Amino acid sequence: MTVPDRIEAARLLRSLEPPDWLLRHSRAVAEVAAFLAARTAQRGVALDRRLAETAAFLHDADKALAPDDPLRSLGHGHGSARWLEQRGFPQLGPAVEHHPVTRLRDGAWFDAWLDESRAEDRIVAYADKRAQQRLVPLDARFGTWHRRHPVRWNDDVIAEVRRRAGRLEATVCEAAGVRPDEVRRLPWTAAAFRTANG
């Protein structure tokens, strides 16, 4: 099975007709993931850079689906993974399926996932936590979630989930040989869209 290249990924994302905010977020996550994957590969870690970039680009596909689309009922992340599977890209599923921040609420799941997941999966999950419409520190991202969901994200929950996100950050940044404040975007999405649009 092949992983979509950058241009095919741009076409897939465009086919969903995502709102501008989702397009900007997807681009930011994909470019952070590209930076981390490149740096990690330079350090000799075996990983599929194309898989990390493409999964990051398409991680929120289910957010662009129609409200009555049956895939929405699967829940965020799961719907994106099934959407990609239906298009012949099941290998992107684990990275897409397990990226949502809500997964970090389950400590036992997170501990097992952090130990057993692929480098690509961890990169996508972390890139999503560093990118809103632009690259931001983890604390800024968590502040946004806390403001938007004050009941679900009370102080105790946010502190617990933030600690787990910090462990993910340490793991990904160590593999890439960078400090969190050195994480950048590796621009590629604009060129992919230009080519995809012909």
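Quick notes on this structure:
- Filter result for residue 191 (open to solvent by 40 Å² or more (accessible area, probe 1.4 Å), part of a helix (DSSP H, G or I) and closer than 13 Å to residue 31 by Cα): yes
- Reported count of residues in the range 35-45, each being in a helix (DSSP H, G or I) and surrounded by fewer than 21 Cβ atoms within 10 Å (Cβ to Cβ), is 3.
- The one condition in (1) farther than 20 Å from residue 131 by Cα; (2) in a helix (DSSP H, G or I); (3) open to solvent by less than 10 Å² (accessible area, probe 1.4 Å) that residue 4 fails to fulfil: (2)
- Out of 165, 191, sole residue that is modelled with pLDDT of 90 or more and over 19 Å from residue 106 (Cβ atoms): 191
- Pick from the range 46-63, criterion in contact (Cβ under 8 Å) with a residue 24 or more places away in the chain, under 15 Å from residue 78 (Cβ atoms) and in a helix (DSSP H, G or I), ranking: most open to solvent (accessible area, probe 1.4 Å): 63
- Among the residues of the range 96-108, just one is loosely packed, with under 15 Cβ neighbours inside 10 Å and part of a loop (DSSP other than H, G, I, E, B), namely 106.
- So residue 24, is it of a type in the set (Lys, Arg), surrounded by fewer than 18 Cβ atoms within 10 Å (Cβ to Cβ), in a helix (DSSP H, G or I) and at pLDDT 95 or above: yes
- Close pairs from the range 109-128: first surrounded by fewer than 15 Cβ atoms within 10 Å (Cβ to Cβ), partner part of a helix (DSSP H, G or I), Cβ under 7 Å, at least 6 apart: 109/103
- Residue list for the range 67-89, filter: open to solvent by less than 50 Å² (accessible area, probe 1.4 Å) and modelled with pLDDT of 90 or more: 69, 79, 80, 81, 83, 84, 88, 89
- Residues located in the range 152-188, provided they are touching a residue at least 24 places away in the same chain (Cβ under 8 Å), part of a helix (DSSP H, G or I) and either open to solvent by 70 Å² or more (accessible area, probe 1.4 Å) or of a type in the set (Phe, Trp, Tyr) (or both): 167, 181
The values are calculated or read from the model by the stated rules, or taken from the named source; none is laboratory data. Keep in mind the model is a prediction, meaning the values are calculated, not measured. Here Cβ is always computed from backbone atoms with ideal geometry, including for glycine, and neighbour counts include all displayed protein chains. Accessible surface areas use protein heavy atoms only, side chains included; no ligands, DNA or RNA. Shrake-Rupley method; radii C 1.70, N 1.55, O 1.52, S 1.80 Å.
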